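Derivation of every value follows stated rules applied to the coordinates shown; laboratory data play no part. Here the structure is a predicted model, which means the values were calculated and not measured. Backbone-built Cβ (ideal geometry, glycine too); neighbour counts: all protein chains shown.
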Amino acid sequence: MIAQLLKLDARVLRLGLVAVPVMVALLGWNQVLRPAWQTRQNAAAQLAATRQTIAELPARQAQAAALARETAALDRSLDAPDTAPTHIAGLLDGLARGTGVEMLPIFPGQDTEFEGLRETRYEVEASGGYPQLVAWLAAIETRLANVAIQEASFSRQTARDEVRLRLRLAVYRRPATDSQQP
């Protein structure tokens with residue numbers, strides 16, 4: 001066999017001596033070294049991501065605590081289920097008197113469930129000067145966190161030189177639990 005190799009052209013022998021080690025190196029890179037390199041790169045990226053997450057943990061905990069406080073404050077702003085119908089009417093009347101608006105008596109409408117809360121709609125009529133009515137609406141928006149103004153329509157009363165406001169409100173509160181119901 002060696003005798004047959006010696007009979008080959010020198011160029012073929014040189015090519016074989018260069019090509020075989022190059023092929024072994026390429027196979028070694030593709031089969032062994034490259035997967036190991038990629039595994040190392042993935043592990044380094046995962047380690048960096050873990051370190052980043054650990055570094056952000058105090059800020060995320062502070063953010064979670066702030067959100068918990070905000071949730072508790074919003075939950076406290078919801079009226080109790082048993083006092084909401086009378087409470088909201090008194091608040092609206094107090095805001096109306098404070099801004100110089102004359103409000104007709106209001107009565108709650110039908111209660112409905114809406115995204116885990118109890119929704120009560122109110123039809124409200126009030127009259128006064130346009131600036132006073134706008135101030136009253138602004139006071140409702142800022143002071144009553146659980147009230148949503150769904151519709152407002154103004155009409156001018158030329159005989160009395162004032163503006164009449166028809167307002168549709170929705171009040172949201174926690175539903176009563178079995179222990180709160182009579």
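Backbone geometry of the range 125-138 corresponds, through the Karplus equation with coefficients 6.51, -1.76 and 1.60 at θ = phi - 60°, to 3J(HN,Hα) couplings of 10, 9, 9, x, x, 4, x, 5, 5, 5, 4, 5, 4, 5 Hz, x marking Gly and Pro.
As a test, work out the antiparallel percent of DSSP beta bridges whose residues both lie in the chain, rounded to the nearest 5. So the antiparallel bridges in the chain amount to around 95 percent.
More than 30 angstrom separation, counting every C-alpha pair in the chain; what % is that? Cα-Cα pairs in the chain separated by more than 30 Å: 57 percent.
Projecting the Cα atoms of Val124, Leu15, Ala64 onto the charge dipole of the range 11-164, computed from C-beta unit charges around the Cα centre, puts Leu15 farthest toward the positive end.
Rounded to the nearest 20 debye, the dipole magnitude of the range 100-182 is 160 debye, with +1 charges on Lys and Arg beta carbons, -1 on Asp and Glu beta carbons, and the Cα centre as origin.
For the chain, the longest principal axis of the C-alpha atoms and the axis of helix 10-28 are separated by about 30°. Between Ser155 and Phe107, what FRET efficiency follows from the Cβ-Cβ distance if R0 is 22 Å, with the result rounded to 0.05? For Ser155 and Phe107, the calculated efficiency is 0.55.
The label-point distance for Ala145 and Leu13, in a model that sets each label 7 Å from Cα toward Cβ, rounds to 9.2 nm. Considering only Leu169, Leu57, Leu33, the mean-square fluctuation computed in a Gaussian network model of the chain, springs between alpha carbons under 10 angstrom, is largest for Leu33.
Evaluating 6.51 cos²θ - 1.76 cosθ + 1.60 at θ = phi - 60° for every residue in the range 61-69, the Karplus couplings come out as 5, 5, 5, 5, 5, 5, 5, 5, 5 Hz, glycine and proline recorded as x.
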